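**Student:** Sharing a structure below in structure tokens format, with a few things to ask.
The values are calculated or read from the model by the stated rules, or taken from the named source; none is laboratory data. Here the structure is a predicted model, which is why all the values come from computation and not from measurement. All Cβ positions, glycine included, derive from the backbone under ideal geometry; neighbour counts span all protein chains shown. Heavy atoms of the whole protein, side chains included, go into the accessibility calculation; ligands, DNA and RNA do not. Shrake-Rupley method; radii C 1.70, N 1.55, O 1.52, S 1.80 Å.
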Amino acid sequence: MANIPFRDLRRQYQAMKPAVDGAIADVLARGRFILGERLEQFEAEFARYCGANYGVGVGSGTEALHLALVACGVGPGDEVISVSNTCVPTVSAISFAGATPAFVDIDPVTYTMEPGLIEDRITPRTRAIVPVHLYGQCADMDPILEIARRRGLRVIEDCAQAHGASYKGRMAGTMGDAGCYSFYPTKNLGAFGDAGIVVSSDRALAEKLRVLRNYGRTEGYAHPHKGFNSRLDELQAAILLAKLPHLKSWNDRRRQIVARYTQALTELGIVCPIEAPGRHHVYHLFVVRVADRASFQAAMHAHGVATWIHYPVPVHLLEAYSELSESGNNLPLTTSLASQVLSLPLYPELDDHEVDAVIAAAKRSL
Ligand SMILES: *Cc1c(COP(=O)(O)O)cnc(C)c1O
């Protein structure tokens, strides 16, 4: 029987232990832990990697979204258009900013925001659109940006699952006003704790974010804005600096595994992810659809392959958001997808034998 964990973060650390241990020891020896040189260096390097002018390190991906919304002037009484087919923090950030989420349904192939449904959800209170580059693939950004420009809305990209993804040659996070990344440990680029960044090419926006993340303080203890405490610390920045040069090869390996999975699993009638034209998918997750998910998942587990569901309940049907289920959030595709999706193990450290073992288990589980 196979023994394939859904993920195993120890493997990556073991493969690069000297570099990571050295980066940590260096921070400890320098004795500077918040807003130091490693953060500045990482902000510059990650922004350059994305092709944005500025990077502002923050405490998490949720905080990146929250602070970007606040910096764009979104607050109580405002509405923000997003999707319910996402990880809940996308929506937590909108709520935390004091705004009300208005959801649109998804494209049936990519499972990302369906641009054709956005205009119906715009009201005089709408201030921003938050598309989510779900599972590692960018949302269909051109029509989203066109609507936003025409209707005077800000666009804040949720790039938490899309490090290295691109759309028609443009990197995730560089198409809207701001791009928000998470470095939660399991993401394609992960810290050893919580961390996030906002990238932007808007200088005023980046400067406002720097103030907001640090109690609203500017140099000289002026406080132009009511702020927060949300900073990417030096230890995480040093670890991320050590890891960033590997991101491309890790993403390439994910794509290689996906090619192997897709070829074998499609023949079995399993619906595999599709890379839409013009998009570079980085496969944060490998999410398939099967006819009888419960029995397939149970059989996979019995054959020693761990799987997961991203996400079992759409946000608009969660108890915390019960007030939203009545207000025009009629989302048939999002709702039906939640009962079909299943994520198979996908991380760069999986070897070909393990990939073949997952495929063999799938054959026996149908
Ligand atoms: C992980 C994730 C976030 C939140 O990131 P944290 O760093 O955990 O706060 C937001 N949006 C999506 C789509 C995510 O997957």
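**Student:** Eight or more residues apart or on different chains, and alpha-carbon atoms under 27 Å: count the Lys pairs in the chain matching that.
**Tutor:** 10
**Student:** Scanning the chain for trypsin sites (Lys or Arg not before Pro) in DSSP loops with at most 14 other Cβ atoms within 10 Å, what's the longest stretch left with none?
**Tutor:** Free of exposed loop sites, the longest segment is 227-366.
**Student:** Write down the Kirkwood hydrodynamic radius of the range 1-147, to one decimal in angstroms, obtained as one divided by the mean of 1/r over all alpha carbon pairs.
**Tutor:** Working: mean 1/r = 0.0548 Å⁻¹.
After inverting the mean inverse Cα-Cα distance, the result is 18.3 Å.
**Student:** Based on the alpha carbons, how large is the Rg to Rh ratio for the chain when Rh follows Kirkwood?
**Tutor:** Reported Rg/Rh, Kirkwood definition of Rh: 0.97.
**Student:** Considering only protein heavy atoms, with the full assembly of protein chains and a 1.4 angstrom probe, order Thr174, Thr334 by accessible area, largest first.
**Tutor:** Solvent-accessible surface, decreasing: Thr174, Thr334.
**Student:** Within the range 300-366, list the GluC sites (Glu not before Pro) lying in a DSSP loop whose Cβ has at most 14 other Cβ atoms in a 10 Å radius.
**Tutor:** Glu326
**Student:** Could I ask something else about it? Put one equal scatterer on each alpha carbon of the range 103-201, apply the Debye formula with no solvent term, and list log10 I(q)/I(0) at q = 0.16, 0.17, 0.18, 0.23 1/Å to two decimals.
**Tutor:** -0.66, -0.73, -0.81, -1.20
**Student:** Same structure, new question: Under a 1.4 angstrom probe, counting protein chains only, how are Glu275, Glu207, Glu219 ranked by accessible area, largest first?
**Tutor:** Glu219, Glu207, Glu275
**Student:** Here is a follow-up. For Cys87, what accessible area in Å² do you get when you roll a 1.4 Å probe over the heavy atoms of the protein chains, rounding to the nearest 10?
**Tutor:** Here the residue's solvent-accessible area equals roughly 40 Å².
**Student:** Note down the relative contact order for the range 60-165 as a percent, whole number, built from C-alpha pairs under 8 angstrom at least six residues apart. If you can, show how the numbers build up before the last one.
**Tutor:** Details: 196 pairs, mean separation 28.2, N = 106.
Contact order relative to length: 27 percent.
**Student:** Then there's this: Rounded to the nearest 500, what is the 222 nm mean residue ellipticity of the chain from helices alone, with -39500 (n - 2.57) per DSSP H run of 4+ residues and division by all residues?
**Tutor:** One gets -11500 deg cm²/dmol as the mean residue ellipticity at 222 nm.
**Student:** Just the accessible area per residue of the chain, please: how many Å² with a 1.4 Å probe?
**Tutor:** Heavy-atom accessible area per residue stands at 41 Å².
**Student:** Taking only C-alpha pairs under 8 Å that are 6+ residues apart, what is the relative contact order of the range 53-114 in percent?
**Tutor:** The normalised contact order for the range 53-114 reaches 33 percent.
**Student:** A further question on this structure: At a Förster radius of 30 Å, what calculated FRET efficiency corresponds to the Cβ-Cβ distance of Glu119 and Gln340, to the nearest 0.05?
**Tutor:** Details: r = 28 Å, r/R0 = 0.94.
Plugging the Cβ-Cβ distance into 1/(1 + (r/R0)^6) gives 0.60.
**Student:** Taking the simple approach of a point 7 Å from Cα along Cα-to-Cβ for both Asp352 and Ala2, what is their distance in nm?
**Tutor:** It is 1.6 nm.
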